[in-house]
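Sharing a structure below in structure tokens format, with a few things to ask.
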Amino acid sequence: MYLSNSRFKRRAGLSVLYFIQGIPQGLIYFALLDWLTSVGFGISDIAIVMSLASFPWTFKILIGPFIDTLKSSKMGKRKPWIFFSLLASSLVFFISSNYISNELSALSIGLCLFTVILFTSILDIATDALAIDTLSKDERGISNGLMWASRTIGVSSAAVFASFTINEIGLKETFLFFGFLNLFFSLFILLIRENNDNKLLSLKFSNKIKFSYYKKTIIDLYNMSKTPIFILLMGFCLLSNISFGMHYVSISNLYIVSNNWDNSNLTDIRSFGLYIGAAVAIVGGYLSDRINPYRVIIISQIMIAFVFLLIAFFENSISNFYIGSVIIIVISALGSFLMAASLSLCMGFSKTTVAASQFALLMSIRHFSRIVGEWGAGILDYNDTSLSNLYFIMFLISFLPVITIYRMKHFINKT
């Protein structure tokens, strides 16, 4: 399939890549997290695991310039990175499958997941750059919605399957299966071409590699990133994920420990919520195209804040299956709605000359924001902060990115 041939092929090809990207995240951030809580891991332990697993996302700023520099393969500009990242992550799953099942500690699990996510982040950067390369300005919003929806479906499908296999056949066997799955996807990627003149598989470069371009990429990135509006955008990314980072490391404890949910039931409902989120992501992308992403971000961020406030006041009501399920679904839907608009906003500020680097910088900051939230929740839990107080803090923090977005919108209107 040639991505450059039609709008449908671009959207379909990119959606498949985002679906694949979501597979290991469904295992790590959903099924494994819920299972670890069920076997005795507290919020501070989960914070160690999840922050180590999330940390490679912050390397995007270092990886992006390499992807922008090494883009003269006969396979295409981005395809080699996508292919080799999937191949490498499959090997990591194979190698760590035996170790992770024998050494069940927060540090050892976190280090294994760190390596998996490192290669997943390379896949993510290359896919984002491919999207910026191929998508026209008038289709970015809806395409981002479709891509985020596809990623969400990948996360959800993997989460449900991984929850079943971990509980039924064991952690080692689950990791082995995901290793084979990523190996299959790496071979599947060979069938996708960016342009008609690209080869299916080639280790040759069409031009001589000039590593001096890496320095030029960094300089160009700096020059494009020092403008006032881009600084505000970086500020938004830095603040946008703190409350969600706190939520992600707290949700399993909130449901399983405080409200006696079964870990597999929690994973199933969270996965179902992701399907709802996938549909909402498309709507968020569409509205970002038709209205503007600023308004979508402000509305969804405020709604998320008040959901956190409801949890803070009615923590014990989550023991009711239906109330707890509705809360999960609403947070998932609002999170996807927000994410589609945020991606559209960030992609709109990324120039194709340093597409991978500029977009990677913004996404690195977003993921660092999540790590700040994860560590923040872990520290607060270590100091015996109650779950209701944690969620009240999330409510307050959720307004910080709204302030930044208002400032960005005002700045653009003035100029």
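The values are calculated or read from the model by the stated rules, or taken from the named source; none is laboratory data. Fair warning: this is a prediction, and the values are worked out from it, not measured in the lab. For neighbour counting, all protein chains shown are included, and Cβ atoms are generated from backbone atoms with ideal geometry for every residue, glycine included.
With respect to Gly324, is the statement that it is among the small types (Gly, Ala, Ser) and surrounded by 22 or more Cβ atoms within 10 Å (Cβ to Cβ) true? Let's see the steps before the verdict.
Details: among the small types (Gly, Ala, Ser): yes; surrounded by 22 or more Cβ atoms within 10 Å (Cβ to Cβ): no.
The answer is no for Gly324.
For Ala12, indicate whether it is modelled with pLDDT under 85, among the small types (Gly, Ala, Ser) and either buried (at least 20 other Cβ atoms within 10 Å of the Cβ) or more than 16 Å from the chain's Cα centre (by Cα) (or both).
Details: modelled with pLDDT under 85: yes; among the small types (Gly, Ala, Ser): yes; either buried (at least 20 other Cβ atoms within 10 Å of the Cβ) or more than 16 Å from the chain's Cα centre (by Cα) (or both): yes.
Judged against the criteria, Ala12 is a match.
Within the range 288-298, can one find any residue that is closer than 19 Å to Tyr248 by Cβ and among the acidic types (Asp, Glu)?
Within the range 288-298, not a single residue is closer than 19 Å to Tyr248 by Cβ and among the acidic types (Asp, Glu).
Now for a separate question. Considering only helices (runs of 4 or more DSSP H) fully contained in the range 33-124, which possess at least 2 residues that are touching a residue at least 12 places away in the same chain (Cβ under 8 Å), touching a helix residue (DSSP H, G or I) at 6+ places or on another chain (Cβ under 9 Å) and hydroxyl-bearing (Ser, Thr, Tyr)?
So the answer is 33-38, 43-54, 79-102.
A further question on this structure: Restricting attention to the range 356-377, report how many residues are over 28 Å from Ser344 (Cβ atoms) and surrounded by fewer than 24 Cβ atoms within 10 Å (Cβ to Cβ). Give the derivation first.
Step one: filter the range 356-377 for residues over 28 Å from Ser344 (Cβ atoms), giving 375, 377.
Okay, now just the ones that are also surrounded by fewer than 24 Cβ atoms within 10 Å (Cβ to Cβ), so 375.
Within the range 356-377, residues that are over 28 Å from Ser344 (Cβ atoms) and surrounded by fewer than 24 Cβ atoms within 10 Å (Cβ to Cβ) number 1.
Is there any pair with a first residue in the range 392-415 that is under 19 Å from Ile365 (Cβ atoms) and modelled with pLDDT under 90 and a second that is polar (S, T, N, Q) and not in a helix (DSSP H, G or I) whose Cβ atoms are under 6 Å apart and which are 6 or more apart or on different chains, and what are they?
none
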